[in-house]
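No value in this document is a laboratory result; all are computed from the given coordinates. Please read all numbers here as calculations on a predicted model, not as lab measurements. Note that each Cβ is placed from the backbone with ideal geometry, even for glycine, and that neighbours are counted across all protein chains shown.
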Amino acid sequence: MTPRIFRRALVAATAVALTVTTTAIAAPDNHQPPAPARLGALVPAPVWSQARQHDDFKLTPGTKVVATTRDASGVAAYLATVLGLHPGVADHGRGNAITLRLGHDPRIGTEGYTLDIRHGGVELAANTSDGLFEGVQSLRQLVHAGTLPGGSVLDYPRFEHRGAMLDVARHFFGVDDVKRYIDEIAMFKINYLHLHLADDQGWRIEIKSWPNLTAYGASTEVGGGPGGYYTQDQYKDLVAYAESRHITIVPEIDMPGHTNAALASYAELNCDGVAPPLYTGTSVGFSSLCVAKDITYRFLDDVIRELASITPGPYLHIGGDEAHATTPADYQTFMHRMLPIVAKYGKIATGWHELAKTNPDPSALPQYWGTDSTDTDVAAAAARGNKVIMSPANKTYLDMKYNPNTPIGQKWAGLIEEKDAYGWDPGTFLDGVPESSVQGVEAPLWTETIVTMADIEYMAFPRLPAIAELGWSPWSTHDYDDFARRVAAQAPTWDAMGINYYRSPQIPW
Ligand code: TNX
């Protein structure tokens with residue numbers, strides 16, 4: 001399932017690790033400082049770890065990956081692929097083996113894991129295959145020069161929701177690009193990928209009952225390029241691929257604003273019955289669905305029904321941001337008709353934080369994208385029981401420039417260097433939204449100025465790992481210098497994978 005080029009890159013990453021050993025052994029007099037204790041190089045930082053010297057495990061071509069139960073065999077096969085080893089199922093691994101075990105450890109919840117690396121063998125245990133998968137990401141980061149460093153790790157996430165968002169509407173990105181991004185974010189224990197599937201510049205998901213959305217509404221993008229869309233089969237393939245990386249897709253159809261592509265595709269959705277032209281610029285806040293027309297809700301019922309039927313995850317994102325062309329009263333009317341449609345198709349609504357103004361059911365998840373530490377509507381929603389996703393734009397927006405010379409990106413929310421992305425606490429950022437009201441974090445990547453996969457990688461790395469760490473690691477581990485050292489330790493893997501990361505001067509590469 002992994003695209004061939006990427007599989008080659010993963011094998012290359014392992015090969016590089018092996019080459020590094022040989023060099024280190026062959027040239028003991030080089031003036032490189034000794035490698036740091038590799039057990040301390042994990043990103044995100046684990047809850048607890050303890051190194052044991054002289055207990056390293058050497059990977060050899062004969063090392064087996066053993067799943068002790070069938071439920072663990074999927075993750076075992078994945079680990080075997082990324083490390084180039086042989087998978088198998090057995091009661092227990094003996095000798096030269098990495099053994100994956102499912103159990104009932106009350107300390108680690110549904111996504112945590114324990115890892116025990118000894119000279120005689122490695123054991124990874126979790127309560128669910130999600131936990132095993134996250135443990136495997138740690139194992140991948142720990143392999144260095146064909147060796148796993150002796151020691152133990154106990155680990156589990158601070159927040160349930162650790163997300164990334166990709167805007168495929170402003171510029172379209174095909175299935176292979178999205179799969180590559182899924183593989184990249186999975187390395188940092190991200191468990192949700194939010195896809196921004198519709199905006200003024202393009203509609204990117206096939207809706208069979210409204211075919212002009214894609215036949216016409218997908219035919220361009222920012223700057224006038226060809227655009228594109230996912231057929232429902234392609235979307236299902238993406239969902240399945242994400243699932244194989246233990247990532248849940250959260251699809252977004254932005255409404256009632258950010259809807260020019262839909263309004264251009266169907267004249268009857270406009271209050272005046274006249275379809276506007278397609279739009280390839282980068283302004284926001286000029287379009288609105290017609291709140292007073294019944295057809296608007298027949299349309300959205302169809303869209304939500306079709307999207308829900310191909311989305312196994314619990315959430316549908318209904319946007320709701322920057323509805324400057326919708327009156328406040330219409331916004332209320334609109335959301336009060338929309339939210340029940342989402343519920344009718346068995347999904348939980350998430351939306352940008354403007355949604356909080358509409359007093360949504362406490363199950364709804366507003367996503368905070370402001371830059372201030374105060375938002376009374378979001379605080380009131382939290383007081384009513386809504387959980388909040390934290391995406392403050394001045395910290396988590398991966399489309400913001402790093403510095404004034406960054407060739408792509410925007411700066412309306414400020415410049416975001418690595419220290420800025422890392423330097424905030426999701427549990428205290430927003431007044432009246434205590435840690436217990438925070439469902440997690442998300443790093444959005446808007447793509448007005450982002451055109452290629454290399455652009456995506458340049459903006460996401462190394463900031464996405466910073467947001468991933470804020471979502472996973474206990475606040476007690478928070479320490480920029482330590483984080484920066486651990487990020488630097490990832491660079492050889494990123495080089496081997498061909499990731500086009502930004503060489504931040506704030507990281508000791
Ligand atoms: C604001 S953040 C937007 C997007 C833009 C982004 C660019 C939000 C919910 N809306 O429409 O793409 O700024 O940074």
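Per-residue ellipticity at 222 nm from helix content only, as computed over the chain with -39500 (n - 2.57) for each DSSP H run of at least four residues, stands at -10000 deg cm²/dmol. Take the Cα of Asp425, step 7 Å toward its Cβ, do the same at Ser476, and the gap between the two points is 1.4 nm. In plain terms, the bigger the Kirkwood radius, the slower the diffusion; for the range 299-385, with that radius from Cα pairs, at 4 °C and 1.567 mPa s, Stokes-Einstein puts D at 96 µm²/s. Extending 7 Å from Cα along the Cβ direction at Ala77 and again at Asn500 yields two label points whose distance is 3.3 nm. By the scheme Lys and Arg +1, Asp and Glu -1, what is the net charge of all other residues having a beta-carbon under 13 Å from that of Ser436? The answer is 0.
Of Lys293/Lys357; Lys236/Lys411; Lys208/Lys344; Lys357/Lys387, which ones are farther than 25 Å apart at the Cα? As for pairs spanning more than 25 Å Cα to Cα, those are Lys236/Lys411.
Subtracting the Cα-Cα distance of Glu268 and Lys208 from their residue separation scaled by 0.36 nm leaves 19.8 nm. Distance between the 7 Å Cα→Cβ label points at Ile348 and Val284: 2.5 nm.
Relative to the dominant Cα principal axis of the chain, helix 463-472 is inclined by about 80°.
Could you calculate the FRET efficiency of Asp55 with Val175 from 1/(1 + (r/R0)^6), where r is the beta carbon distance between them and R0 is 30 Å, rounded to 0.05? According to the calculation, E is roughly 0.10.
For the pair the range 394-417 and the range 267-344, the centres of their Cα atoms are 29 angstrom apart.
So what's the angle, to the nearest 10 degrees on a 0 to 90 scale, between helix 4-26 and the longest Cα principal axis of the chain? Here the helix axis deviates by roughly 30 degrees. The alpha-carbon atoms of the range 161-475 define a convex hull whose volume equals 113 cubic angstrom per residue. Add +1 for every Lys or Arg and -1 for every Asp or Glu among the other residues with Cβ under 10 Å from the Cβ of Glu322, and state the total. Once all neighbours under 10 Å are counted, the net charge is -3. Fewest-first ordering of Trp494, Trp472 by other beta carbons within 10 Å of each residue's beta carbon gives Trp494, Trp472. Full extension of the chain between Ala383 and Arg485 gives 32.8 nm of extra length, using 0.36 nm per residue less the Cα-Cα distance. Between the Cα long axis of helix 129-142 and the first principal axis of the chain there is an angle of about 60°, rounded to the nearest 10.
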